[in-house]
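Novice: First the structure, which I've put down as structure tokens, then a few questions once you've had a look.
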Amino acid sequence: MRHLLSVESLSRGEIERILDRAQAFAEVGKRDIKKVPTLRGRTVVNLFYEASTRTSSSFELAAKRLSADLVSVKAAGSAIDKGESLKDTISTLSAYDPAIIVIRSPFAGAADLVARWTDAAVVNAGDGKHEHPSQALLDVFTLRQRLGTLEGVNIWIVGDVLHSRVARSCLIAFQAMGAEVTLCGPPTLIPRGIAEATGASVSHDIDGVAEADVVYALRMQQERMSESFVPSLREYAMRYQIDSRRLTPRQLLMHPGPVNRGVELSPEVIDSPQSLISAQVESGLVVRMAILYELHTGSDQPRTTGPEPVDTPPRIGQPA
Ligand code: CP
């Protein structure tokens, strides 16, 4: 794997290999010293043009656990504030000879551009409404940990699908792993033609969510809404909020975070036993370690034809 720009570009075998690697790193996380020397002497750049807590912190910690030198740049307080272009910023940071650049941008396609401008491997940590591949991989990892397989699992993605890069990446990843996906929300927040384009089912009736095995709620992305897509957040919550009346004990609940408490989710379901929200954050660290590992080794090691079994000893060295 040269870059991680989208889930669309990954085969099922590549997804499974990353998840198997993440499983091996989960074992490392149980050691006293949770560090391995994989990226010792290598530099990882985290470049975030948009707000982030989970993605930025987990990529930072992942790089540190792999013993990399880490440079973190956020738009606020950097030369980007003074008007420096993305290309010039990449040129500047490339002078440090980074092995990997992780970029989040409000613009779809930004990570693809960066991959053309640098010799480093590039990770798309979210580009506009386009994709958020590491989020989808950590969500598949979380479900695989809980259910063993996604084959035949009925997943409902509920809410602001239109503005959500998470929805797009998760839809592709869940389907690639054999899940049946339904997209649910008001007609204004479901992209036209998406059922025909993807094979997903579409429902505007939240009552059908009772049939789901997994309910994946999305954040209302008000920062990406240039017009009014719902009459009000209160009205949206009344019609589409996942609460304890809608979530049954047999169902699992996911959300990529950050949650608008009381809008897409009621407080009691966020903290319910069905909620995998904390497990998703936990998965984020080991999956992002696996992504950095794959990018580091992917370009110069022989490729395997399929995933390594979960119980294969990890080729990730001794504690640093
Ligand atoms: N899920 C997600 O991308 O969260 P952050 O914006 O906090 O990184």
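The values are calculated or read from the model by the stated rules, or taken from the named source; none is laboratory data. Remember, predicted model here, so these are calculated numbers, not experimental data. Quick reminder, even Gly has a Cβ in these numbers, built from the backbone with ideal geometry, and neighbours come from all protein chains shown. Note: areas computed on protein heavy atoms with side chains; ligands, DNA, RNA excluded. Shrake-Rupley method; radii C 1.70, N 1.55, O 1.52, S 1.80 Å.
Novice: If only one of THR92, THR53, THR38 is modelled with pLDDT of 95 or more and within 21 Å of MET1 (Cβ to Cβ), which one is it?
Specialist: Values: THR92 fails: within 21 Å of MET1 (Cβ to Cβ); THR53 fails: within 21 Å of MET1 (Cβ to Cβ).
Sole residue among the options that is modelled with pLDDT of 95 or more and within 21 Å of MET1 (Cβ to Cβ): THR38.
Novice: Just a yes or no: is a residue in region 2-19 within 15 Å of the ligand (Cβ to nearest atom), in contact with a Phe, Trp or Tyr (Cβ under 7 Å, 6 or more places away or on another chain) and either under 28 Å from PHE174 (Cβ atoms) or open to solvent by 60 Å² or more (accessible area, probe 1.4 Å) (or both)?
Specialist: No, every residue in region 2-19 fails to be within 15 Å of the ligand (Cβ to nearest atom), in contact with a Phe, Trp or Tyr (Cβ under 7 Å, 6 or more places away or on another chain) and either under 28 Å from PHE174 (Cβ atoms) or open to solvent by 60 Å² or more (accessible area, probe 1.4 Å) (or both).
Yes or no, residue by residue, for (1) touching a Cys at 6+ places or on another chain (Cβ under 8 Å); (2) away from the ligand (no atom under 16 Å from the Cβ):
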| site | (1), (2) |
| --- | --- |
| ILE172 | no, yes |
| SER203 | yes, yes |
| GLU223 | no, no |
| PRO258 | no, no |
| VAL281 | no, no |
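Novice: Taking region 114-134 as the search range and keeping residues that are assigned to a helix (DSSP H, G or I) and open to solvent by 10 Å² or more (accessible area, probe 1.4 Å), which one is nearest to SER169 (Cα to Cα)?
Specialist: Step one: filter region 114-134 for residues assigned to a helix (DSSP H, G or I), giving 114-117, 133-134.
Keeping just the survivors that are open to solvent by 10 Å² or more (accessible area, probe 1.4 Å) gives 115-117.
Numbers: ALA115: 19, ARG116: 22, TRP117: 24 Å.
Across region 114-134, the extreme among qualifying residues is ALA115.
Novice: Check whether at least one residue in region 239-260 is part of a helix (DSSP H, G or I) and surrounded by 13 or more Cβ atoms within 10 Å (Cβ to Cβ), and report yes or no.
Specialist: At the first step, the residues of region 239-260 found to be part of a helix (DSSP H, G or I) are 239-240.
Retained after the next criterion (residues that are surrounded by 13 or more Cβ atoms within 10 Å (Cβ to Cβ)): 239-240.
The answer is yes; a qualifying residue exists.
Novice: Of the numbered conditions (1) in contact with a Leu (Cβ under 6 Å, 6 or more places away or on another chain); (2) open to solvent by less than 10 Å² (accessible area, probe 1.4 Å), VAL202 fails exactly one; give the number of that condition.
Specialist: (2)
Novice: Starting from region 6-35, keep only residues that are under 14 Å from TYR293 (Cβ atoms), then list their pairs with residues that are of a type in the set (Lys, Arg) and buried (at least 19 other Cβ atoms within 10 Å of the Cβ) whose Cβ atoms are within a distance under 7 Å, requiring at least 6 positions of separation or different chains.
Specialist: Final answer for the pair search is LEU19/ARG144; LYS35/ARG65.
Novice: For the condition within 24 Å of ARG21 (Cβ to Cβ) and either assigned by TED's automatic domain parsing to the domain that holds ALA237 or touching a residue at least 12 places away in the same chain (Cβ under 8 Å) (or both), what is the one hit in GLY148, GLY109, GLY159? Write out each step before concluding.
Specialist: Working: GLY109 fails: within 24 Å of ARG21 (Cβ to Cβ); GLY159 fails: within 24 Å of ARG21 (Cβ to Cβ).
Testing whether each residue is within 24 Å of ARG21 (Cβ to Cβ) and either assigned by TED's automatic domain parsing to the domain that holds ALA237 or touching a residue at least 12 places away in the same chain (Cβ under 8 Å) (or both) leaves just GLY148.
Novice: Starting from region 50-65, take each residue that is open to solvent by 60 Å² or more (accessible area, probe 1.4 Å) and list its partners that are among the basic types (Lys, Arg) and more than 6 Å from the ligand (Cβ to nearest atom), counting only C-beta distances under 9 angstrom and pairs at least six apart or across chains.
Specialist: ALA51/LYS74; ALA51/ARG104; LEU61/ARG288; LYS64/LYS35
Novice: Same structure again: Do you know which residues across region 279-300 are surrounded by fewer than 20 Cβ atoms within 10 Å (Cβ to Cβ) and under 14 Å from TYR216 (Cα atoms)?
Specialist: If the condition is that a residue be surrounded by fewer than 20 Cβ atoms within 10 Å (Cβ to Cβ) and under 14 Å from TYR216 (Cα atoms), then ALA279 is the only one that fits.
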